[in-house]
Amino acid sequence: MQDRPLILGIHGLANKPPKEEKQAWWAAAIREGLRRNLGEDPGDLSFEFVYWADLRYDAPLSEDHNREPYYPARGRGPFPSADGACAPTLTDRLYRIVEWAQEKTGHLVLDDFIIEHRLDDLWGYYEDGTFREAARERLREALMQHADRPLLIAAHSMGSLIAYDVLRQLERDGRCPRIAHFVTMGAPLGLAEIKHRLAEEHGALQVPYAVARWSNLGDREDLATVGTTLAEAYVPNAAGVGVTDCPVVNAYRRPRGGVNPHKSYGYLRTPEFSRAVAAFLDGERGAAPVELSGVEGA
């Protein structure tokens, strides 16, 4: 049914397993979160995946080299939620001091280092125009194909940057479909270098006009989320829709131990994301706000 609500996912940094496998793992993580957090089973979840890793890597990530696959998490019951407001961490405060110094000198040295050496695909996105345009086109095609359906975009990491760029471009072209909920996870959109580049291309940083709700999920230990909150950096759109910054706990663990607070599966299983999906899939509450645990005004 073409009018059914659709979750449209777009992945983030680094090479990935083949598209079919990665898409199935995202859908499984979403379902796992819904079952454990809300006791719900969506059945035939309407989910599609925008895959762009093949535009940058010669071959998909093989099973032998994948240190962070999806697998059902141990335990029962809801996944953990963050306590308290989205307050800046010590790393955030230090970064903001450095950002102020970078702005004064006009040299974004720290940002360049982080992007080039820790977020390499972001560097490639801005240095390789052919790759950048091809990645954007993948999402544009998906949005145009499903323009008549209620849409929730789930954008992880660099996928949030691609999604923001595409939504602002389509906004200028006057053909952007309505986005019921834009959910960014582990988004690097608060980095000074990224904000500068976005402003150069799109003008003032603001919520895309076609977005009816924007929730930004971030684990405060996730390096990609360092810097200003998105509510500080991106002003509301003409309809008054602003960004809601949602602190979350990314509980992903590698099969052999070790944490990764940036991993997509951990974000997809958070109670905050599960509530966003459940509200979206419920037609009567599709525009309902995400309930945040112990957070006011975030």
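Odds and ends about this structure:
- Inter-probe distance in nm under a simple model that places probes 7 Å from Cα toward Cβ, at residue 45 and residue 71: 1.9 nm
- The stretch 197-278 - Rg and Dmax from Cα coordinates, angstrom: 14.8, 48
- Members of 195/263; 16/263; 19/263 lying beyond 21 Å, as alpha-carbon distances in this model show: 195/263
- Accessible surface comparison of 202, 196, probe 1.4 Å, protein chains only, largest first: the order is 196, 202.
- Taking a ≥ b ≥ c as the square roots of the eigenvalues of the alpha-carbon gyration tensor, the stretch 1-52 is classed oblate because a/c is 1.5 or more while a/b is no larger than b/c.
- The largest accessible area among 185, 144 belongs to the first residue in 144, 185, and the rest follow in falling order (1.4 Å probe, all chains).
The values are calculated or read from the model by the stated rules, or taken from the named source; none is laboratory data. Please read these numbers as outputs of a predicted model, since none were measured by experiment. Note that we place each Cβ from the backbone using ideal geometry, even for glycine, and neighbour counts take in every protein chain shown. Ligands, DNA and RNA are excluded from the accessible area calculation, which covers all protein heavy atoms including side chains. Shrake-Rupley method; radii C 1.70, N 1.55, O 1.52, S 1.80 Å.
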